[in-house]
Amino acid sequence: MTTNLPLSEHYHPDQIETAAQAFWDERKSFNVKEDAKREKFYCLSMFPYPSGKLHMGHVRNYTISDVIARYQRMQGKNVLHPMGWDAFGLPAENAAIKHNTAPAAWTYSNTDYMRGQLQRLGFGFDWSREVTTCKPDYYRWEQWFFTRLIEKGLAYKKVSSVNWCPNDMTVLANEQVIDGCCWRCDSKVERKEIPQWFIKITRYAEQLLNDLDQLDEWPEQVRTMQRNWIGRSQGVDMTFALEHAVGDYQSFDVYTTRPDTLMGVTYVSLAAEHPISKKIAETNTGLAAFIAECKVQSVSEADMATMEKKGFDTGIKALHPLTGEPVPVWVANYVLMDYGSGAVMAVPAHDQRDFEFAQKYSLPISQVIAGEGDISKAAITEKGKLINSGDFDGLDFQAAFDAIAAKLSAEGKGKITTNFRLRDWGVSRQRYWGSPIPVLYLKDGQEIPVPASRLPVLLPEDVTMDGVHSPIKQDAEWRKTEINGQEAEHETDTFDTFMESSWYYARYTCANFEGGMIDKAAADYWLPVDQYVGGIEHAILHLLYARFFHKLMRDEGLVSGDEPFKRLLCQGMVLKDGTKMSKSKGNTVDPQELIDLYGADTVRLFTMFAAPPEQSLEWNDAGVEGGHRFLRKLWKAVHSHLEAGVAPALDAANLTGPQKDLRRKTHETIAKVSDDFGRRQTFNTAIAAVMELLNEVSRFARKADQDLSVEREALVAAVQLLAPIVPHISHTLWQALGNGDNLLDAGWPSVDESALVKSELELVVQINGKVRAKLIVAADADSDSIIAMAKANENVQKFLEGVEIKMCKVIPGKLVTFAVK
């Protein structure tokens, strides 16, 4: 017999949530440390950018991870569930300009406010491990690691094309180019070549591709997206000799995955930045003007695919590597130097992009692959048997690939190679609000990494933003320094913010460690992340860079294992009126207003109940109110139960039929919810199952002492099962039901298999396939007695009277079927 605690009649979420959070805070309930004796579970949500206020997407994301973390803790595991801030980036600069403040002040103000909101929602984060990526104690190690990559030859500087705004004198990301113009000032964007820092992710392309096979708990869609982005292909590198040398250039190289179409080449295209293009332009004003025109265009893949294809005939010829026939050399605006060799063999009969170009400039179109379609109207891009290809006629794709590659190799004009679509990671950004790249430039132009003893290179935080220039690029005093008695200057580019988000998960394992980037002992205990939660929009870049960074840290001896994230859940968007919530659309819902009105538990319950986590959630005000009504119903049920008196100890061996039914429903619910939480991660169906249990409780008529005992077991189970989702009300009701004061460590309810055994079954009686009656029979009744009961049923007798029974059969646990004539 357990003593119950007093419970007020009415549900007041503001009071119980404040009390529960104070309870957790006082006991530091979510602060954890390594414990080799316990099984660990590392649960992580993608950390937020501190934009100012939480939106419903944040609430959904962090509720999902909190539910998983609390559930795993109730399984007895040592659970790490940290939180921090992805605090660098361009939005802070724009907000600082708008609000006439410095990015640092704006960012820290936002982290303070949003931390309070996260705490108000009752998320069980270990705040002792909070990281803020714009603070020197974080980015110093990122800088240190980059200097190690330079020393190992994995980081380098080269000239690369960027989107350049000539008015603002700044580099623009692809998404900041709108219809070929700067998003801020509407100036026409140019393509400019500037020196930038890169990390050799291509050296790890094969590993990144192959190790996707380890990630069998990731959505297949995400793995497919990454495979496509890495883009492994087998092709042929071949050399086109120039008919006449251009300066020192005698030839150029082309890579193709379709050597089977080589006999259909009718021209070749060079990028505007190709060295041969530049050399010809020195004496060809028309080409120089075209190259200048090419600079005034976006370099984003989306824009390149849809823009008008333009070209310039250089007047020179290249020699076909097999036939020796001369083919014209063009410079084309759709060929980029950053992709392949900056030269493309054009086969307009079998490539739609080349077809459109050839049509525009009246270039020959030569079909060499048999296939359906009219090459006067569109390219035939399917693979097939070769035609018009001399010795190669009749070969299919693979045979032609092998034969043509072999001939090129024999003549010293080509070889089979494996290429990747993936390009090295450009980590330079010309904006201010980011981690300074730790490189010094000497007077003689030599570049050297900043010594570890001089790290971090501090970013000044007390600055004035003019909206155009980076304060550190304008600040001569900040740039100026010395090393070994020589004058030097700091690099004024800052890191891409994907750098910070590529290793934060590892820093959480040792957030306060001062002896290095990672405390390997702590990392080896906690990693890999057992459950990672975040949006599908991060499926490629963030997740790919984090996987790459993990391998870099592994090879530096900082972490173990090949992969950082074991299981991945990509939650859907939050929609309103069918579209994604957005300030610009004016369809946002303020989580704070909902918390004030209904309480945090209602908000959490709705976000989990409205849709499975991986699907989009359509906002519904009535659904929020419905969630609140359910919590009031739960509260009322427990209050009514406590008012009825103290439940005696449960005597499971001596229960009546209705008591057994409710107890069976309780344990069926425990089994289902356990599966929904653990294996399926369908929290909406888990909530629905508890709602059904509560409905059974509300229909249950209390008459005998054991009625209270069975009802109590059902309510205690409901509170435990809901605890990860609505932790505040569960905490309070758990205490009121006399179960001690700490539900967090009470454990998950277990299924009593004996309670699932039914003493009676309901069977359907069918005659010639039509239902004629329903029988209640003992669970252990044999077929003969069941058939006898069926024949004795008054309604069944009506349909059996005067007919011949051809067959009678019992389908155990389901039905009795008769066939009559």
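Scanning segment 202-220 for any residue that is loosely packed, with under 13 Cβ neighbours inside 10 Å, closer than 30 Å to Ala405 by Cα and without any contact (Cβ under 8 Å) to a residue 60 or more places away in the chain turns up at least one such residue.
The residues on offer are Leu458, Leu422, and the sole one that is in contact (Cβ under 8 Å) with a residue 24 or more places away in the chain and either surrounded by fewer than 17 Cβ atoms within 10 Å (Cβ to Cβ) or touching a strand residue (DSSP E or B) at 6+ places or on another chain (Cβ under 8 Å) (or both) is Leu458. Tallying residues that are more than 30 Å from Tyr532 (Cβ to Cβ) and surrounded by 15 or more Cβ atoms within 10 Å (Cβ to Cβ) within segment 637-692 yields 21.
Within the bounds of segment 315-326, is there any residue that is modelled with pLDDT of 95 or more, buried (at least 16 other Cβ atoms within 10 Å of the Cβ) and among the hydroxyl-bearing types (Ser, Thr, Tyr)? No - not one qualifying residue is present in segment 315-326. Picking from residues in segment 1-11 that are surrounded by 13 or more Cβ atoms within 10 Å (Cβ to Cβ) and under 44 Å from the mean Cα position of the chain (by Cα), the one that is modelled with the lowest pLDDT is Leu7. Of all residues assigned to segment 690-706, at least one qualifies as being in contact with a Pro (Cβ under 8 Å, 6 or more places away or on another chain) and assigned to a helix (DSSP H, G or I). Give the number of residues within segment 618-629 that are farther than 13 Å from Arg604 by Cα and either of a type in the set (A, V, I, L, M) or part of a helix (DSSP H, G or I) (or both). The total comes to 3. Selection of segment 101-110 for residues being surrounded by fewer than 18 Cβ atoms within 10 Å (Cβ to Cβ) and of a type in the set (S, T, N, Q) yields Thr101, Ser109.
The set of residues from segment 650-697 being closer than 23 Å to Glu760 by Cβ, of a type in the set (S, T, N, Q) and in contact (Cβ under 8 Å) with a residue 60 or more places away in the chain comprises just one member, Thr666.
Looking at the structure I just gave you, is Asp444 without any contact (Cβ under 8 Å) to a residue 40 or more places away in the chain, farther than 30 Å from Asn228 by Cα and either assigned to a loop (DSSP other than H, G, I, E, B) or of a type outside the set (A, V, I, L, M, F, W, C) (or both)? Against the criterion (without any contact (Cβ under 8 Å) to a residue 40 or more places away in the chain, farther than 30 Å from Asn228 by Cα and either assigned to a loop (DSSP other than H, G, I, E, B) or of a type outside the set (A, V, I, L, M, F, W, C) (or both)), Asp444 qualifies. Selection of segment 567-595 for residues being part of a helix (DSSP H, G or I) and touching a residue at least 24 places away in the same chain (Cβ under 8 Å) yields Pro591, Gln592, Leu594, Ile595.
The requirement of being assigned to a helix (DSSP H, G or I), touching a Pro at 6+ places or on another chain (Cβ under 9 Å), aromatic (Phe, Trp, Tyr) and touching a residue at least 60 places away in the same chain (Cβ under 8 Å) is fulfilled somewhere in segment 105-122, by at least one residue. In segment 365-379, the condition of being touching a strand residue (DSSP E or B) at 6+ places or on another chain (Cβ under 9 Å), assigned to a helix (DSSP H, G or I) and hydrophobic (A, V, I, L, M, F, W, C) is met by no residue. Set side by side, the residues Glu142, Glu151 differ, and just one is in contact (Cβ under 8 Å) with a residue 12 or more places away in the chain and exposed (fewer than 15 other Cβ atoms within 10 Å of the Cβ), which is Glu151. Among the residues of segment 465-483, those identified as polar (S, T, N, Q) and either touching a Leu at 6+ places or on another chain (Cβ under 8 Å) or not in a loop (DSSP other than H, G, I, E, B) (or both) are Gln474, Thr481.
Identify all residues within segment 463-480 that are surrounded by fewer than 15 Cβ atoms within 10 Å (Cβ to Cβ) and either of a type in the set (Lys, Arg) or closer than 30 Å to Gly515 by Cβ (or both); write none if there are none. Result: Lys480, single match. Return a yes/no flag: does segment 629-637 have any residue that is within 32 Å of the chain's Cα centre (by Cα) and basic (Lys, Arg). Scanning segment 629-637 turns up no residue that is within 32 Å of the chain's Cα centre (by Cα) and basic (Lys, Arg).
Within this structure, Glu26 passes the test of being more than 25 Å from the chain's Cα centre (by Cα) and without any contact (Cβ under 8 Å) to a residue 12 or more places away in the chain. For segment 205-264, which residues satisfy the criterion of being in a strand (DSSP E or B) and under 16 Å from the mean Cα position of the chain (by Cα)? Glu217, the sole residue that qualifies. Being closer than 29 Å to Arg712 by Cβ and touching a residue at least 12 places away in the same chain (Cβ under 8 Å) is a property that Leu761 has.
No other residue among Leu708, Leu722, Leu715, Leu733 is in contact (Cβ under 8 Å) with a residue 24 or more places away in the chain, in contact with a Ser or Thr (Cβ under 7 Å, 6 or more places away or on another chain) and surrounded by 17 or more Cβ atoms within 10 Å (Cβ to Cβ) apart from Leu722. Residues that are in contact with a Leu (Cβ under 9 Å, 6 or more places away or on another chain) and either part of a loop (DSSP other than H, G, I, E, B) or among the aromatic types (Phe, Trp, Tyr) (or both) within segment 505-518 comprise Tyr505, Tyr508, Gly516, Met517, Ile518, listed in sequence order.
Considering (1) without any contact (Cβ under 8 Å) to a residue 40 or more places away in the chain; (2) within 16 Å of the chain's Cα centre (by Cα), the lone condition that Tyr545 does not fulfil carries the number (1). Does Thr607 fit the bill of being among the hydroxyl-bearing types (Ser, Thr, Tyr), over 30 Å from Leu215 (Cβ atoms) and touching a Leu at 6+ places or on another chain (Cβ under 8 Å)? No: the conditions fail for Thr607.
The values are calculated or read from the model by the stated rules, or taken from the named source; none is laboratory data. It should be emphasised that the depicted structure is a prediction, and the values quoted were computed from it without experimental measurement. Positions of Cβ are generated from backbone atoms using ideal geometry, with glycine treated the same way; all protein chains shown enter the neighbour counts.
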